[in-house]
Amino acid sequence: MPLMYSQRLRNGSPLLLGAIAAVLWANTAQAQSSSEDNAGSSVGSGIQTSVFGHLPDGRQVDVYQLTNANGIELRVTNYGGIILSLKTPDMDGKFDDIALGFDSLEAYLSDEYRQANPYFGAIIGRYGNRIAGGQFSLDGETYSLATNDGSNHLHGGDQGFDKVLWQAEPFESDAGNGLVLRYTSEDGEEGYPGKLEVEVTYTLTDNDELMVDYRAVTDKATPINLTQHSYFNLKGEGSDTILDHQLMINAPEFTPVNDTLIPTGEIRPVEGTPFDFTQATPIGERIEQENEQLAFGGGYDHNFVLARDNAASDELVLAAKVWEPQSGRLVEITTTEPAIQFYSGNFLNGDLTGKQGQAYEHRSGFALETQHYPDSPNQEAFPSTILVPGETYRSRTVYRFSAQQDLGS
Ligand code: GLA
């Protein structure tokens, strides 16, 4: 249910409800007529296109619904490349939407949402996570970025890739049904150097995978660290917390942070700490332990260094598995990235209302963001995030969805 709708419902005068019904009816009618208009642009039966709404400047925003052979359904909009919903079966074959988000564009554009800024389902860029003090130096020049998270720069700035309109092109291929999203970030946008041409491809395979491919080229050296910021609740979005979900992260180390969540530079073994998820463990088991790192994050909000052994940089390795005992749903994440941010939804506080009209309460969704380490442009010992002209940035992350009675080994 859209954010504004449920808010108004709480006030609930019959007149208002009538007006809301009329608006909803009009929206549905508009969506139907526009999907008819767009019928010619739909590719096959596994992809449906419709109008999501319009930006304040009048530009049209679309929704693409991809379905695979097993009925898994993914809805994506070209505003921010946001994953709006993802329906997958539980172990009894019952489908639920497991991705936190909203049904209307207005909800994503609302002041309330922009202030909370949880980045539900969005593509994050140019730089996923934080850059200390919003500053970095490159080739002898200092660059200043927006400080949109206290004194730090977060997730690409005031208008990151999560808040821009992408050009979208649906496709059908042997790999599955998909959507290519393209965006040109101009030289100087959000303070970053170089014109960056970015392409993100979502492919929904018949093997029940969501494959996300990132590609970018630049005309000046620039930092880049793209990721996907979906929050999942494997019981179904709008359910209670994710604290009973069992999590395995294939990471022997993590990067501890200071009290503004900037890495200190240390790479610390997880062994013997609440950050040891090398064996599947309920997310909530140690989250309230007295621990400086957990206190800084208000829970888990940390970069885990994956065990890539001798894997080539373009080779997928297992990053994480999450299993929810009630539904049996399992998501397995593999990636070419060296790290993953595990965020336990600590900033969710019940203020935002989701698709079922339920408040998104504290820790009612988790995000696992494959990435390079935060603040790498200021940390020489971390793997480089600098893309130079003539080279192509490439990254791939695959989420595989299934359901089973137990997690096994
Ligand atoms: C990332 C960050 C968190 C928070 C969320 C969005 O996971 O590390 O601190 O900003 O995004 O709320």
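The values are calculated or read from the model by the stated rules, or taken from the named source; none is laboratory data. Here the structure is a predicted model, which is why all the values come from computation and not from measurement. Note: ideal-geometry Cβ built from the backbone for every residue, glycine included; neighbour counts use all protein chains shown. For accessibility, only protein heavy atoms count, side chains too; no ligands or nucleic acids. Shrake-Rupley method; radii C 1.70, N 1.55, O 1.52, S 1.80 Å.
With Y119, Y143, Y108 as the choices, which residue is of a type in the set (F, W, Y), within 18 Å of the chain's Cα centre (by Cα), outside any loop (DSSP other than H, G, I, E, B) and buried (at least 16 other Cβ atoms within 10 Å of the Cβ)?
One residue alone meets the criteria, Y108.
Please find, within segment 292-321, the residue that is surrounded by the most Cβ atoms within 10 Å (Cβ to Cβ) out of those that are of a type in the set (D, E), free of Cβ contacts under 8 Å to residues at least 40 places away in the same chain and farther than 17 Å from P256 by Cα.
E315
What are the residues in segment 319-338 that are under 17 Å from the mean Cα position of the chain (by Cα), among the hydroxyl-bearing types (S, T, Y) and in a loop (DSSP other than H, G, I, E, B), if any?
Answer for segment 319-338, where residues must be under 17 Å from the mean Cα position of the chain (by Cα), among the hydroxyl-bearing types (S, T, Y) and in a loop (DSSP other than H, G, I, E, B): just T336.
Residues are listed down the side, and each one gets a yes or a no for (1) in contact with a Leu (Cβ under 6 Å, 6 or more places away or on another chain); (2) buried (at least 19 other Cβ atoms within 10 Å of the Cβ); (3) of a type in the set (D, E, K, R):
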residue	(1), (2), (3)
K195	no, no, yes
V200	yes, yes, no
T203	no, yes, no
M211	no, yes, no
K220	no, no, yes
T227	no, yes, no
Y231	yes, yes, no
D240	no, no, yes
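May I ask you to say which residue of L74, L55, L3 is open to solvent by less than 10 Å² (accessible area, probe 1.4 Å) and at pLDDT 50 or above?
L74
Within segment 242-260, track down each residue that is closer than 24 Å to F382 by Cα and open to solvent by less than 30 Å² (accessible area, probe 1.4 Å).
Kept after step one, since they are closer than 24 Å to F382 by Cα, are these residues of segment 242-260: 248-260.
Scanning segment 242-260 gives M248, I249, A251, F254, T255, P256, V257.
Select from segment 92-118 the residues that are closer than 14 Å to V76 by Cβ and hydrophobic (A, V, I, L, M, F, W, C) and list them in ascending order.
Within segment 92-118, A99, F102, L105 meet the criteria.
Of the conditions (1) surrounded by fewer than 23 Cβ atoms within 10 Å (Cβ to Cβ); (2) within 20 Å of T392 (Cβ to Cβ), E172 clears all except one; give me its number.
Going through (1) surrounded by fewer than 23 Cβ atoms within 10 Å (Cβ to Cβ); (2) within 20 Å of T392 (Cβ to Cβ) one by one, E172 breaks only (2).
Does any residue in segment 347-361 that is in a loop (DSSP other than H, G, I, E, B) and acidic (D, E) come within less than 9 Å, Cβ to Cβ, of a residue that is open to solvent by 80 Å² or more (accessible area, probe 1.4 Å) and more than 15 Å from the ligand (Cβ to nearest atom) six or more places away or on a different chain, and which pairs are these?
E361/D240
I need the full set of residues from segment 394-409 which are at pLDDT below 95 and open to solvent by less than 80 Å² (accessible area, probe 1.4 Å), in order please.
L407, G408
Which of the residues belonging to segment 126-148 are in contact (Cβ under 8 Å) with a residue 40 or more places away in the chain and within 13 Å of the ligand (Cβ to nearest atom)?
Residues satisfying the conditions are Y127, G128, N129, R130, I131.
Listed here are the residues, each with its yes/no results for (1) in a loop (DSSP other than H, G, I, E, B); (2) over 21 Å from the mean Cα position of the chain (by Cα).
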site: T260; (1), (2): yes, yes
site: E266; (1), (2): yes, yes
site: G272; (1), (2): yes, yes
site: G284; (1), (2): yes, yes
site: E288; (1), (2): yes, yes
site: Q293; (1), (2): no, yes
site: F296; (1), (2): no, yes
site: G299; (1), (2): yes, no
site: F304; (1), (2): no, no
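Specify which of the listed residues (G121, G157) is under 27 Å from L66 (Cα atoms) and within 14 Å of the ligand (Cβ to nearest atom).
Answer to the check: G121.
From the list A116, A146, A69, exactly one residue is small (G, A, S) and closer than 21 Å to L196 by Cα. Which is it?
A146
Every residue, every condition in (1) out of contact with any helix residue (DSSP H, G or I) (no Cβ under 6 Å at 6 or more places or on another chain); (2) modelled with pLDDT under 95; (3) outside the structural domain of P89 (by TED's automatic domain parsing); (4) of a type in the set (D, E, K, R), yes or no:
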residue	(1), (2), (3), (4)
P256	no, no, no, no
T273	yes, no, no, no
P282	yes, no, no, no
L294	yes, no, no, no
E324	yes, no, no, yes
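Taking into account only those residues within segment 174-185 that are over 15 Å from T67 (Cβ atoms) and in a strand (DSSP E or B), which is nearest to the chain's Cα centre (by Cα)?
This residue is L181.
Which ones in segment 262-291 are open to solvent by 40 Å² or more (accessible area, probe 1.4 Å) and among the β-branched types (V, I, T)?
Selection gives T264, I267, T278.
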